[in-house]
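Questions regarding the structure given below will be posed in turn.
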There are 4 protein chains.
Amino acid sequence: MIHPARLAIATVALALAAGLGSATAQTPPTSAAVDPARIEDLVAANRILAEEGVLDAYGHVSIRHPSDPTRYLMSRSLAPILVTASDIMEYDLDSNPIDPQGRRGVIERFIHGEIYMLRPDVNAVIHSHSPAVVPFGITQVPMRPVIHVASFLWVGVPVWDSRDVADPASAAMLVRNAALGRSLALRLSDKPVALMRGHGNVVVGPDVQMAVRYAIYTEVNARLQAAAIAIGGPINYISAEEGAARDKGERDFARAWELWKKKALGK
Amino acid sequence: MIHPARLAIATVALALAAGLGSATAQTPPTSAAVDPARIEDLVAANRILAEEGVLDAYGHVSIRHPSDPTRYLMSRSLAPILVTASDIMEYDLDSNPIDPQGRRGVIERFIHGEIYMLRPDVNAVIHSHSPAVVPFGITQVPMRPVIHVASFLWVGVPVWDSRDVADPASAAMLVRNAALGRSLALRLSDKPVALMRGHGNVVVGPDVQMAVRYAIYTEVNARLQAAAIAIGGPINYISAEEGAARDKGERDFARAWELWKKKALGK
Amino acid sequence: MIHPARLAIATVALALAAGLGSATAQTPPTSAAVDPARIEDLVAANRILAEEGVLDAYGHVSIRHPSDPTRYLMSRSLAPILVTASDIMEYDLDSNPIDPQGRRGVIERFIHGEIYMLRPDVNAVIHSHSPAVVPFGITQVPMRPVIHVASFLWVGVPVWDSRDVADPASAAMLVRNAALGRSLALRLSDKPVALMRGHGNVVVGPDVQMAVRYAIYTEVNARLQAAAIAIGGPINYISAEEGAARDKGERDFARAWELWKKKALGK
Amino acid sequence: MIHPARLAIATVALALAAGLGSATAQTPPTSAAVDPARIEDLVAANRILAEEGVLDAYGHVSIRHPSDPTRYLMSRSLAPILVTASDIMEYDLDSNPIDPQGRRGVIERFIHGEIYMLRPDVNAVIHSHSPAVVPFGITQVPMRPVIHVASFLWVGVPVWDSRDVADPASAAMLVRNAALGRSLALRLSDKPVALMRGHGNVVVGPDVQMAVRYAIYTEVNARLQAAAIAIGGPINYISAEEGAARDKGERDFARAWELWKKKALGK
């Protein structure tokens, strides 16, 4: 749970930062005021994904800066379940921290910056080692939707392999520079999810709530698809027609977010 | 846990509603008094199914109105683990809410109304995304009972596919109107369980305790059947003779309900 | 946790029952004083097996009466996780309750009585729906030990099928009379574990601590054997020579019991 | 949580033992003072591995004595989740306890002593029944890395079988003497992990934090590799080139340790 007092302090500090336009030791690392509710959602996203088994000690979640599309916000390097509002750092799209205040950013922040650069429609990015998903990145069976709540996968799930990038860092598998991040973003293309071979996945959305939803149901779909394969025989996948119809249909997204946030933040 | 005070208030309100026959802002949405113990069981069913992993953020449970067979009772759209007595709404069998009081009903309520219309023997309906069950709806292996506590599946488990319904809404897969609900109810026929391809299942019973039991042991059976398939070779299923014998035999149902309710409501 | 006060009361009552030789409404149903530590171990066994996922809402554990080998002690019909000392009933070996005091015994108590009759070496009996074990009772692959802690399975794990008993009750699958219990006990023969097809298993031991150990590691072994089968190829099972050597070797059983009891009773 | 008071007392006792060079009843069994932070990490390692499902009631963790490479430190025989600083015993490399004070050491301590003798680079040893790993010790598929965090497995994972040792104790499968321990250490060779057929594994590292990391991600890798095998077809393993590159690359190890320790010790 985020202590209300802590949030209140953050709010004041953010307001000061915006109003005074100056950076001090007490100033949170942001170029413009961010609505604390957006920060709270980002903190919630970290914890929700840990609670739901998508993130473990690693992985990270970012949002595009609400009022500055050339910036993004993401926790310092910290296990997601431990993230609080004061851990959120700000980056430009080259993934340089704006005001690190001694905090250490995540090595693979370039995943985020490069995707925000190529995908103006994306306002939230998640990188995870989603356990049921990893096997689909190293086998020959493509991930395809098997349950309606994961119908967004109907557009296809590309697999990215760091070895395909001619970069000295590619053998170590981490997305530790812009070239690797750019390659991954290109492989993701206009899709919501791409697998990273032998590593995990990247999930994007128009907002953090939808990205969290996509990440959770990608993991659920992987479990169900693997179980269906083990039962054997041809699988009756969600069709392209169904996927497209569902992309447009009325759905009840708030219901799941309300539950997840309550479980993760205790409120 | 339902706070006793909250239940007491509900009881009074229900009594008033019944006695005065008038709807006010404080009046629960019910045409006739409902014994609070029945509401408590419905609330418990929601939480039990969440605790036991049958329901997640979605899915819903309803009971037929105890004193008016042309009505049913079901929570507003809310994650089942969060449901309390004050969330219960009343519907007619066309799935129109009687007195919504601004509360939003679930999109797929037509599952419930159409089944109650066709099945006078049914007094409780559950719709879930029961995770071990979903793979059986998209593969070619029929669900069959492998453990005695799921012997009720011996009558067969039909699979319903929304694409078989000539309705503009069928491609989006949700049972969002009476035509889709009716089709599902017809596919269910006189059985306790039907699978919904790429979606989940529907489970019915003569009362909510039995429906909960059926839903939990359908999930258990799916896990065990999948495990047996993975081991390989022919499976020694529960036979029709055994299923029929068990339908008539003495059993100890109260024992499981007592445990589940205690775990779910903390009392 | 068993409240010390409750145990103290039980002790006094047991002493009275033994000393006065008369049954009153306050007298626990036992013909002779039972050391409360033995009752506590029986209560612990119920809770341990529930905590470890061997027992769910059903299943039961008994011990032979410490001072009267023609009697056994077992909880009334109650989910194992809820069992306390005051729920323990006493039975003769025909599975008649000695002093039920209105408490309802379990339907399948005949499993226990018939095994105690045929196996003088057995002082504890467990019946469970051990989830990983059930698939081995309905497929053609025999359970065999794959990990040293389950080496006791080297003597073989027979499978009993209620349909092999010429009894009107056999189709309903429950061991609801002495004939079915006797048949199961004969199939168990001199082994520690027998599977019950489409139902679960029965596990016996020289004392309740060893029977609990056997039940837990039978479940563990089933999980590991199924996983090994899924990986594929021939399995390097624990050999008969190893099983026999381990039956005689020094081992450190108290360590696991200490942990399990602490987790189950909170002390 | 280790109570600070308890640690403080241990510190004083350790200082006394070092300063006076004499053993008294109050003296912890160590020949030289050990920084309490190192003991705390060893205690944390026990609990972390239990929390993460690598250790159950059995298994053990040791560290080489920080100031005396001919000694090692390990808990008395106790379920790892229960270990506190006062349970830590000291051994020489022949696995003789230095000052047991009536405490019972683990039967298989020879695993530790023999590895420390042969591997001067190793300062921490873990023996576990890591559940997802066991099946790989009894089937024909070698463990190979499938996820970047387990890339350290690229050097190969040998399998040791106690039956290959010509020793009267080998049939009982436990590493209960130096000959068996030596054989296992030789099979491990210069690798970080060796499987013990039908038993578990042994994991070593340059320090206890790295050994814990290796043990946890060996378990994770086994789960993922088994899942990939079940999906079917050729698996795209982490290559030798990638493994070697990652051995040298910058990584963020402290982040996981911080989380694991917080979860295990509550601080």
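Taking the conditions exactly as written (within 30 Å of residue B:197 (Cα to Cα) and in a loop (DSSP other than H, G, I, E, B)), does residue A:168 satisfy them or not?
Details: within 30 Å of residue B:197 (Cα to Cα): no; in a loop (DSSP other than H, G, I, E, B): yes.
Answer is no for this residue.
Oh, and also: Among the hydrophobic types (A, V, I, L, M, F, W, C), out of contact with any Cys (no Cβ under 9 Å at 6 or more places or on another chain) and within 11 Å of another protein chain (Cβ to nearest Cβ): which single residue out of D:244, D:178 fits that description?
Numbers: D:178 fails: within 11 Å of another protein chain (Cβ to nearest Cβ).
Result of the check over D:244, D:178: D:244.
So, of the residues in the range A:225-246 that are part of a helix (DSSP H, G or I) and in contact with a Leu (Cβ under 9 Å, 6 or more places away or on another chain), which turns out to be farthest from residue A:134 (Cα to Cα)? Can you show your working first?
Our first condition is that a residue be part of a helix (DSSP H, G or I); within the range A:225-246, this holds for A:225-231, A:240-246.
Narrowing the set further to residues that are in contact with a Leu (Cβ under 9 Å, 6 or more places away or on another chain) leaves A:243, A:246.
Numbers: A:243: 23, A:246: 26 Å.
Filtering the range A:225-246 for residues that are part of a helix (DSSP H, G or I) and in contact with a Leu (Cβ under 9 Å, 6 or more places away or on another chain), the one farthest from residue A:134 (Cα to Cα) comes out as A:246.
If we scan the range D:191-207, do we find a residue that is part of a helix (DSSP H, G or I) and more than 20 Å from residue D:51 (Cα to Cα)?
Filtering the range D:191-207 down to residues part of a helix (DSSP H, G or I) leaves none.
Within the range D:191-207 (the criterion being part of a helix (DSSP H, G or I) and more than 20 Å from residue D:51 (Cα to Cα)), the answer is no, since none of the residues qualifies.
Sticking with this structure for a sec: Please go through the range A:138-160 and give me each residue that is farther than 27 Å from residue A:253 by Cβ and facing another protein chain (nearest Cβ under 8 Å), ordered by number. I'd like the intermediate steps shown before the answer.
Within the range A:138-160, the subset farther than 27 Å from residue A:253 by Cβ is A:138-141, A:159-160.
If the condition is that a residue be farther than 27 Å from residue A:253 by Cβ and facing another protein chain (nearest Cβ under 8 Å), then A:138, A:139, A:140, A:141 are the ones that fit.
Find the residue count for the range B:208-233, including only residues that are over 30 Å from residue C:177 (Cβ atoms) and at the interface with chain C (Cβ under 10 Å from one of its Cβ atoms).
Count: 8.
Of all residues in the range C:247-267, which are part of a loop (DSSP other than H, G, I, E, B) and either more than 8 Å from every other protein chain (Cβ to nearest Cβ) or over 18 Å from residue D:107 (Cα atoms) (or both)? Even if it seems obvious, please write down each step before you answer.
To start, the set of residues in the range C:247-267 that are part of a loop (DSSP other than H, G, I, E, B) comprises C:249-252, C:266-267.
Listed by number, the residues that qualify are C:266, C:267.
Taking the condition in contact with a strand residue (DSSP E or B) (Cβ under 8 Å, 6 or more places away or on another chain), within 12 Å of chain B (Cβ to nearest Cβ) and within 30 Å of residue C:245 (Cα to Cα), does residue C:105 pass? Outline the logic, then answer.
Values: in contact with a strand residue (DSSP E or B) (Cβ under 8 Å, 6 or more places away or on another chain): yes; within 12 Å of chain B (Cβ to nearest Cβ): yes; within 30 Å of residue C:245 (Cα to Cα): no.
Taking the combined requirement at face value, the residue does not satisfy it.
Determine the pairs where a residue that is in contact (Cβ under 8 Å) with a residue 40 or more places away in the chain, located within the range D:160-189, has a partner that is small (Gly, Ala, Ser) and surrounded by fewer than 20 Cβ atoms within 10 Å (Cβ to Cβ) with Cβ atoms under 6 Å apart, the partner being 6 or more residues away or on another chain.
If the second residue must be small (Gly, Ala, Ser) and surrounded by fewer than 20 Cβ atoms within 10 Å (Cβ to Cβ), the pairs left are D:176/D:169; D:177/D:169.
So, one more: Out of the range D:210-231, which residues are small (Gly, Ala, Ser) and in contact with a helix residue (DSSP H, G or I) (Cβ under 7 Å, 6 or more places away or on another chain)?
Initial filter on the range D:210-231 (small (Gly, Ala, Ser)): D:211, D:215, D:222, D:226-228, D:230.
D:215, D:222, D:226, D:227, D:228, D:230 - these are the residues of the range D:210-231 that are small (Gly, Ala, Ser) and in contact with a helix residue (DSSP H, G or I) (Cβ under 7 Å, 6 or more places away or on another chain).
Right, here's the next one. If we scan the range D:199-206, do we find a residue that is small (Gly, Ala, Ser) and more than 14 Å from chain A (Cβ to nearest Cβ)? Full working, then the answer.
So in the range D:199-206, the residues small (Gly, Ala, Ser) come out as D:200, D:205.
Filter once more, so that each one left must be more than 14 Å from chain A (Cβ to nearest Cβ): D:200, D:205.
Yes, the conditions are met somewhere in the range D:199-206.
When only residues in the range D:123-172 that are of a type in the set (Phe, Trp, Tyr) and touching an Asp or Glu at 6+ places or on another chain (Cβ under 8 Å) count, which is surrounded by the most Cβ atoms within 10 Å (Cβ to Cβ)?
At the first step, the residues of the range D:123-172 found to be of a type in the set (Phe, Trp, Tyr) are D:136, D:152, D:154, D:160.
Then keep just the ones that are touching an Asp or Glu at 6+ places or on another chain (Cβ under 8 Å); that gives D:152, D:154.
On the way: D:152: 22, D:154: 20.
Applying the filter and picking the extreme gives D:152.
Considering the range A:72-86 alone, what residues qualify as being surrounded by fewer than 20 Cβ atoms within 10 Å (Cβ to Cβ) and away from chain D (no Cβ under 11 Å)?
Scanning the range A:72-86 gives A:84, A:86.
All but one of (1) surrounded by fewer than 21 Cβ atoms within 10 Å (Cβ to Cβ); (2) farther than 27 Å from residue D:149 by Cα hold for residue A:107; state the number of the condition that does not hold.
Among (1) surrounded by fewer than 21 Cβ atoms within 10 Å (Cβ to Cβ); (2) farther than 27 Å from residue D:149 by Cα, the lone unmet condition for residue A:107 is (2).
Would you mind stating whether residue C:63 is among the aliphatic types (A, V, I, L, M), away from chain B (no Cβ under 14 Å) and not in a loop (DSSP other than H, G, I, E, B)? Quick ask: steps written out before the conclusion?
Details: among the aliphatic types (A, V, I, L, M): yes; away from chain B (no Cβ under 14 Å): yes; not in a loop (DSSP other than H, G, I, E, B): yes.
For residue C:63, the condition - among the aliphatic types (A, V, I, L, M), away from chain B (no Cβ under 14 Å) and not in a loop (DSSP other than H, G, I, E, B) - is met.
Which residues, counting only those in the range A:84-108, are touching a residue at least 12 places away in the same chain (Cβ under 8 Å) and part of a loop (DSSP other than H, G, I, E, B)? First the steps, then the outcome.
Residues of the range A:84-108 that are touching a residue at least 12 places away in the same chain (Cβ under 8 Å), as a first pass: A:84-95, A:97-101, A:103-108.
Answer for the range A:84-108, where residues must be touching a residue at least 12 places away in the same chain (Cβ under 8 Å) and part of a loop (DSSP other than H, G, I, E, B): A:84, A:93, A:94, A:95, A:98, A:99, A:100, A:101, A:103, A:104, A:105, A:106.
Let me ask something additional. Scan the range B:118-159 for residues that are in a helix (DSSP H, G or I) and closer than 17 Å to residue B:225 by Cβ and report the count.
Start the filter on the range B:118-159 by keeping residues that are in a helix (DSSP H, G or I), which leaves B:118, B:134-138, B:148-155.
Narrowing the set further to residues that are closer than 17 Å to residue B:225 by Cβ leaves B:134-138, B:148-155.
Matching residues across the range B:118-159 total 13.
Which condition number in (1) within 14 Å of chain B (Cβ to nearest Cβ); (2) not in a strand (DSSP E or B) is the one that residue C:115 fails?
Among (1) within 14 Å of chain B (Cβ to nearest Cβ); (2) not in a strand (DSSP E or B), the lone unmet condition for residue C:115 is (1).
Test residue D:76 against the stated conditions and say whether it is basic (Lys, Arg) and at pLDDT below 95. Let's see the steps before the verdict.
Numbers: basic (Lys, Arg): yes; at pLDDT below 95: no.
Spelling it out, it is not the case that residue D:76 is basic (Lys, Arg) and at pLDDT below 95.
Another question about this same structure. Looking only at the range C:227-242, how many residues end up being closer than 30 Å to residue C:56 by Cβ, in contact (Cβ under 8 Å) with a residue 24 or more places away in the chain and surrounded by fewer than 22 Cβ atoms within 10 Å (Cβ to Cβ)? Explain how you work it out, then say what you get.
Quick first cut of the range C:227-242, residues closer than 30 Å to residue C:56 by Cβ only: C:227-231, C:235, C:237-238.
Then keep just the ones that are in contact (Cβ under 8 Å) with a residue 24 or more places away in the chain; that gives C:228-229, C:235, C:237-238.
Now drop any that are not surrounded by fewer than 22 Cβ atoms within 10 Å (Cβ to Cβ), which leaves C:229, C:235, C:237.
Residues in the range C:227-242 being closer than 30 Å to residue C:56 by Cβ, in contact (Cβ under 8 Å) with a residue 24 or more places away in the chain and surrounded by fewer than 22 Cβ atoms within 10 Å (Cβ to Cβ): 3 in total.
Kindly indicate whether residue A:40 is modelled with pLDDT of 95 or more and in a strand (DSSP E or B).
Numbers: modelled with pLDDT of 95 or more: yes; in a strand (DSSP E or B): no.
So residue A:40 fails the test.
Condition first: outside any loop (DSSP other than H, G, I, E, B) and within 17 Å of residue B:126 (Cβ to Cβ). Now tell me which residues in the range B:69-81 satisfy that.
Initial filter on the range B:69-81 (outside any loop (DSSP other than H, G, I, E, B)): B:71-75, B:80-81.
If the condition is that a residue be outside any loop (DSSP other than H, G, I, E, B) and within 17 Å of residue B:126 (Cβ to Cβ), then B:72, B:73, B:74, B:75, B:80, B:81 are the ones that fit.
For the range C:173-213, how many residues meet the condition of being under 23 Å from residue C:38 (Cβ atoms), out of contact with any Phe, Trp or Tyr (no Cβ under 8 Å at 6 or more places or on another chain), surrounded by fewer than 23 Cβ atoms within 10 Å (Cβ to Cβ) and not charged (D, E, K, R)?
Total meeting the criteria: 1.
Is it the case that residue C:55 is more than 15 Å from residue C:265 (Cβ to Cβ) and in contact with a Gly (Cβ under 7 Å, 6 or more places away or on another chain)?
Values: more than 15 Å from residue C:265 (Cβ to Cβ): yes; in contact with a Gly (Cβ under 7 Å, 6 or more places away or on another chain): no.
Criteria not met by residue C:55.
The values are calculated or read from the model by the stated rules, or taken from the named source; none is laboratory data. In this text the structure is predicted, and so the values were computed from the model without any measurement. For neighbour counting, all protein chains shown are included, and Cβ atoms are generated from backbone atoms with ideal geometry for every residue, glycine included.
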